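Before any comments, here is the structure.
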Amino acid sequence: MNESPMREPTFLILTCLVEGPQHGYAILAEVRRISGGRVDLRAGTLYAVLDRLRAEGLAEVDREELVQSRLRRYYRLTALGAQRLAQETARMRDNVEAATARLRRAGLSLNGGIA
C-alpha cells in the first residue's frame, strides 16, 4: 500500500485512539501530552480531522452520551485505522533509522552536535 505520509496531527489523533475510545476534549489533551506540548490542536481542526478519518474508515463513532445537556461523542480506531497507523509508524521508523545512520557516519550526534 503506497499511502501518502500522514500529517502529524492525524498521526497523533490515531495514536490517541489506540488505547480505546475517547471524546474530543480528551483527544485534544492527549495530543498535547504525547507531543510534549508541541502540538496544541484547536477544536475545529480536531473535528475536521475526525470527520476525514471517519470518511476514510480509519475512525468511527463509538458512542454518544449526554453530559450537562451537551452531547459528548466518543471516537474509536477501526481495524483499518490501526493498520494505517502501523504502516505510518514503520515508515517513520525507517526514516529515523536512515537519518540516524547518516548522522553517525558524518560524526554528528543526534542532538545536532559533534559526536
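The values are calculated or read from the model by the stated rules, or taken from the named source; none is laboratory data. For clarity, every value in this text was computed on a predicted model and none was experimentally measured. In this analysis, Cβ positions are derived from the backbone assuming ideal geometry, glycine residues included, and neighbour counts consider all displayed protein chains.
Inspect all residues belonging to the stretch 76-89 and state whether any of them is more than 23 Å from Pro5 (Cβ to Cβ) and either modelled with pLDDT of 95 or more or among the hydroxyl-bearing types (Ser, Thr, Tyr) (or both).
For the stretch 76-89, residues more than 23 Å from Pro5 (Cβ to Cβ) and either modelled with pLDDT of 95 or more or among the hydroxyl-bearing types (Ser, Thr, Tyr) (or both): present.
If only one of Arg52, Arg70 is under 20 Å from Tyr25 (Cβ atoms), over 15 Å from the mean Cα position of the chain (by Cα) and surrounded by fewer than 14 Cβ atoms within 10 Å (Cβ to Cβ), which one is it?
That would be Arg70, the only listed residue that is under 20 Å from Tyr25 (Cβ atoms), over 15 Å from the mean Cα position of the chain (by Cα) and surrounded by fewer than 14 Cβ atoms within 10 Å (Cβ to Cβ).
Of all residues in the stretch 3-59, how many are under 20 Å from Ala79 (Cβ atoms) and among the charged types (D, E, K, R)?
6
Go over the candidates Ser109, Ser69 one by one and state the one that is of a type in the set (Ser, Thr, Tyr) and out of contact with any helix residue (DSSP H, G or I) (no Cβ under 9 Å at 6 or more places or on another chain).
Every option except Ser69 fails the conditions.
Report, by residue number, each residue of the stretch 29-71 that is in a helix (DSSP H, G or I) and of a type in the set (Val, Ile, Thr).
Across the stretch 29-71, the qualifying residues are Val31, Ile34, Thr45, Val49.
Out of all the residues in the stretch 90-105, is one or more out of contact with any helix residue (DSSP H, G or I) (no Cβ under 6 Å at 6 or more places or on another chain) and closer than 20 Å to Glu19 by Cα?
Within the stretch 90-105, one or more residues are out of contact with any helix residue (DSSP H, G or I) (no Cβ under 6 Å at 6 or more places or on another chain) and closer than 20 Å to Glu19 by Cα.
Output the number of residues of the stretch 72-102 satisfying the condition of being farther than 13 Å from Thr15 by Cα and either β-branched (Val, Ile, Thr) or not in a helix (DSSP H, G or I) (or both).
Total meeting the criteria: 5.
Determine, yes or no, whether Val39 is touching a Pro at 6+ places or on another chain (Cβ under 7 Å) and either under 18 Å from Val61 (Cβ atoms) or touching a residue at least 40 places away in the same chain (Cβ under 8 Å) (or both).
Here the answer is no, as Val39 does not meet what is asked.
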